[in-house]
Structures are given as structure tokens and as C-alpha cells.
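Please read the structure below before turning to the comments.
The values are calculated or read from the model by the stated rules, or taken from the named source; none is laboratory data. Since the structure is predicted, the reported quantities are computational estimates derived from the model, not experimental observations. Here the Cβ is made from the backbone with ideal geometry for all residues, glycine too, and neighbour counts use every protein chain on show. Quick note on the areas: whole protein, heavy atoms, side chains included, nothing else; ligands and nucleic acids left out. Shrake-Rupley method; radii C 1.70, N 1.55, O 1.52, S 1.80 Å.
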Amino acid sequence: MAVDNELYDQLSWWDDDQPFATLEAFTPARFEYFHDVLTTRLRLELTGLRVLDVGCGGGLLAERFSRTGAQVTGMDPSGNSLEAAREHALAQGLEIEYRQGVAEELPYPDGTFDLVYCCDTLEHVTSTDRAVAEAVRVLKPGGYYLYDTINRTFRSKLAMIKMAQDWKSVRFAPKDLHDWNSFIKPEELYALFYRHGLDNQETIGFASTRPQLELLKDMRRRARGEITYGELGRRFGLGVHPKDTSVIYAGFARKAA
């Protein structure tokens, strides 16, 4: 793969002046969408729910789900990321089980979890088909699968590859963090869902709420070292855009009962 997944062993997850701080700044919008789906629309009680975070990284989303009372297990191939996740969860007084492994081969029996989510991960795996199949296998009948990933479009190449990684004057992510050819079109993901017994319920987009010119100026400030990565992420003002799935999109699907 052109993606350099070893980056996840080399960078800090909880330092505001490290590249992954932009992910932490994007986490609230992701979690708020998923939380609204689960509690307001599906009317699920999260306390005690068995939840699997596939590709948990440093535990950004796992900690938020844990605070709802859910029993969260986080899984990731990066040992260093898991160690950072354990240390941070301990400091926060959170009980989260972290385990090393890959999305394509989950070490759990069939139907173990009530809820499985996979965020910012499907574009990094070696087989999206296997990653989806394994998530469905460990999900209980009638359980829900939450996801977010990156669309393979001209706009995503410009935003996530050229501007985020390649162009020195504005870039804010490590080079080779993403490979455009590994991005996934929604219809491709829906086909995998159908093949493995998931019924997609909704797809929405995430986009900045800020004017593009202002964002560009902030990206230049970050590149010059005038603001931190975390501050740049917060200035993006990421929010739900119901119809714009051209770059980042998310949604949820249900396994047949």
C-alpha cells in the first residue's frame, strides 16, 4: 500500500502540536452525529452496550463512547498507539479494553458486540471486503455498524492529498498518511454491505462550516508554525453536511436480525 501505516507508531496522539491533534479536533462532530443516531433516533440505551472500536488509534472516539457507560473494546494494529490509549484512559479514570489486532481478522467469536464502529480506518486496511465481513461477523444480529471514511473524488484528492499532505505551504498531515487510490466511493461500500448482510440506513457528509478562504489562511498559519495542529483542527469547524459526501462521509447500517 502507498499508505504509510507505520506513522501511527511514530506520532503522538494527545499532543496539541502534533499532526494527529487535528483528528482530536474532528472527533466531537463525529461523536455527536453517532450519539444522536443511537440515542435520539434509534432510542438505544448505551449503558452496558458492548462496543467494538475497529482502528481505535489513541482512543479518541473510544473515550467518548466509554463516558456514555458503554463497555468499549478498542482494537488497533499499532502497539504504540494502544499504549498511548491505555495511558490516557487511565489518567481519565476510564475502563477501556485495548487489544492489538487488524480489522481483517478480529479475535472475537461471532455475535460478540452490540455495536461496531470503524472510523478513519477503512481507507487504511489491506482488504475493505475482509474488514467489513469481520465487523459483521462479530456483530450481534440486529446490531448496528457505524462508519466514516473518505470518498474517492477529485475534491478528496485536492483536499486530503494535495493540500493536506503534499503542498508545503498549507499541508498539515504527514506525507503518505493517505493514498487516494485507497479511498472508497459510497456505492462501493454499499455493495460490500449488501454482500455481507448489512443494510445501510443513512449516509451523510462532514464538511467545514468556515469560508474556504479563511480555512486556507489558517492552513498557511499552521504551516508557518503560528498555530498548533489542534488549533487548526478546531478552526475547521467540522460539522454534518447532509448532502455533501464528496470528501468525508459517514453513516450507519444494520445487521439483519
Tyr190 passes all but one of (1) within 14 Å of Gly251 (Cα to Cα); (2) crowded, with 18+ Cβ neighbours inside 10 Å; (3) among the aromatic types (Phe, Trp, Tyr); which number fails?
-> (2)
Does Val72 qualify as being without any contact (Cβ under 8 Å) to a residue 40 or more places away in the chain and crowded, with 24+ Cβ neighbours inside 10 Å?
-> yes
Kindly indicate whether Ala62 is surrounded by 16 or more Cβ atoms within 10 Å (Cβ to Cβ), touching a residue at least 24 places away in the same chain (Cβ under 8 Å) and touching a Leu at 6+ places or on another chain (Cβ under 9 Å).
-> yes
Hey, which of the helices (runs of 4 or more DSSP H) in the range 1-111, taking only ones fully inside, have at least 3 residues that are hydrophobic (A, V, I, L, M, F, W, C) and under 21 Å from Ala164 (Cα atoms)?
-> 21-35
Lone unmet requirement of (1) outside any loop (DSSP other than H, G, I, E, B); (2) open to solvent by less than 70 Å² (accessible area, probe 1.4 Å); (3) more than 27 Å from Phe113 (Cβ to Cβ) for Gly225 | (1)
Is the range 120-128 home to any residue that is without any contact (Cβ under 8 Å) to a residue 40 or more places away in the chain and in contact with a Gly (Cβ under 6 Å, 6 or more places away or on another chain)?
-> no
In the range 129-160, anything open to solvent by less than 40 Å² (accessible area, probe 1.4 Å) and either basic (Lys, Arg) or farther than 28 Å from Leu44 by Cα (or both) is listed as Asn151, Thr153, Ser156, Ala159, Met160
Pairs where the first residue, in the range 191-208, is of a type in the set (Ser, Thr, Tyr) and the second is at pLDDT below 95, C-beta under 7 Å, 6+ apart | Ser208/Leu215; Ser208/Phe236; Ser208/Gly237; Ser208/Leu238
Return yes when Thr209 is open to solvent by 40 Å² or more (accessible area, probe 1.4 Å), over 30 Å from Leu49 (Cβ atoms) and hydroxyl-bearing (Ser, Thr, Tyr) and no when it is not.
-> yes
